[in-house]
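The structure appears right after this line, and notes come after that.
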Amino acid sequence: MSGAEFLNIALPKGRLGEKVYAVFEKAGYPCPGVMDNSRKLVFENPDAGVRYFWVKPSDVAIYVERGAADLGAAGRDILLEYAPDVYELADLGLGVCRMAVAAPESFRDEPERTLRVATKFPNIARSYYADRGRDIDIIKLNGSIELAPVLGLSDVIMDIVETGTTLRENHLAVIDTVLPISARLVANKSSYRFKNREIRRLAAAVSDAITVAKAAATEAKA
Ligand code: PRP
């Protein structure tokens, strides 16, 4: 198989990417070495026609939009924040969490005052508060968002909540849920045209693998 026929797939580094890869593997797209704990970033399996690479979760959409990757798995948070020009092919049902506004337990809102919002997601925050006609000051941070209200840098945060542990441990509480989030399979638009058969075959196999995994999880609970 020539390089041009590979499907290039961007996986988000970390726990979510490992779960995503497990689904791709079950769907018939395994690749030796992907899960090895090494510094290597690119892995290929010519027999399955796939080349995987690990990228920072917030960069997946950029790789896919610009065609460096044909496919990728990106959280809905990233897709809404960066609004990349890509096709969303499937909800992978993984990395399920929510975007929420949270504040110290003692927080009392004063609507006439500008609200200081710390977040990694300024566009989502801007649109959420614009819909509510609320004047805000966005404080863009890159991590450990929960620290901002604790240290008085912001009044509230807008961030991902999964288990709620980080909020609890920092004496913060959710005051509003903004939107539900899960990982999505996305495709580059021109790859979707030129590698249509391969991409549709992979997307169908991945959707089947997700259905099987969901059924097994439901059965295990019963
Ligand atoms: C994310 C998010 C929260 C935390 C929520 O942070 O920004 O801090 O996970 O998870 P929980 O509800 O299960 O506690 P991440 O681990 O990505 O690190 P970051 O602080 O660098 O953003």
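Taken together, the values in this text are just the output of simple stated rules run on the coordinates, not laboratory data. Being a predicted model, the structure only gives us computed values, none of them experimental. Here the Cβ is made from the backbone with ideal geometry for all residues, glycine too, and neighbour counts use every protein chain on show.
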> By a straight-distance test (C-alpha under 18 Å), which lysines pair with Lys120 as possible cross-link partners, with residues fewer than eight away in the same chain excluded?
Replying inline: Lys13, Lys56, Lys140
> Cα centroid distance between the range 1-57 and the range 96-149, in Å?
Replying inline: 35 Å
>> Restricting to DSSP H runs of at least four residues, report the calculated mean residue ellipticity at 222 nm for the chain, -39500 (n - 2.57) per run over all residues, nearest 500 deg cm²/dmol.
In response: -10000 deg cm²/dmol
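Charges only on Cβ, +1 for Lys and Arg, -1 for Asp and Glu: so what's the dipole of the chain about the Cα centre, in debye to the nearest 20? Provide the component values of the computation, followed by the final result.
On the way: 29 positive and 30 negative charges, 107 e Å.
Taking the Cα centre of the chain as origin, the dipole is about 520 debye.
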> Amide H of Leu94: which non-local residues (sequence gap of 5 or more, or other chain) have their own amide H closer than 5 Å, using H built in the peptide plane?
Replying inline: Ala183
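Does the range 117-222 classify as rounded, prolate or oblate by the C-alpha gyration tensor (a ≥ b ≥ c root eigenvalues; a/c under 1.5 gives rounded; else a/b over b/c gives prolate, otherwise oblate)? Numbers along the way, then the final one.
Working: a/c = 3.05, a/b = 1.66, b/c = 1.83.
The shape class here is oblate.
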>> Can you tell me which of Val186, Val60, Val161 moves the most in a GNM of the chain? Springs connect C-alpha atoms under 10 Å apart.
In response: Val161
> Hey, what do the phi angles of the range 191-201 turn into as Karplus ³J(HN,Hα) couplings, whole Hz, using 6.51/-1.76/1.60 and θ = phi - 60°, x for Gly and Pro?
Replying inline: 4, 4, 6, 8, 10, 4, 4, 5, 5, 5, 5
> For helix 122-131, what angle does its Cα long axis make with the longest principal axis of the chain, in degrees from 0 to 90 and rounded to 10?
Replying inline: 60 degrees
>> Could you identify which residue out of Arg108, Arg98, Arg201 has the top mean-square fluctuation in a GNM of the chain using Cα springs shorter than 10 Å?
In response: Arg108
> Relative to the longest principal axis of the chain, what angle (0 to 90°, nearest 10) does the C-alpha long axis of helix 15-26 take?
Replying inline: 30 degrees
>> Output wanted: per-residue J couplings in Hz (rounded whole) for the range 161-167, from phi through Karplus 6.51 cos²θ - 1.76 cosθ + 1.60, θ = phi - 60°, x for Gly and Pro.
In response: 10, 10, 8, x, 4, 4, 4
> Got the relative contact order for the range 74-217 handy, in percent, Cα pairs under 8 Å and 6 or more residues apart?
Replying inline: 40 percent
> Which residue fluctuates the most in the chain, going by a Gaussian network model with Cα springs under 10 Å, if the choices are Glu198, Glu88, Glu110?
Replying inline: Glu110
> What distance in nm separates the simple spin-label points at Asp176 and Asp135, each placed 7 Å from Cα in the Cβ direction?
Replying inline: 1.7 nm
> Once Lys and Arg get +1 and Asp and Glu get -1 on their Cβ, which of Val101, Asn188, Pro111 lies farthest toward the positive end of the dipole of the chain?
Replying inline: Asn188
> Across the range 45-57, in residue order, what do the Karplus-derived ³J(HN,Hα) couplings come to in whole Hz, using 6.51 cos²θ - 1.76 cosθ + 1.60 with θ = phi - 60° and x for Gly and Pro?
Replying inline: 10, x, 5, 8, x, 10, 10, 9, 9, 8, 9, 4, x
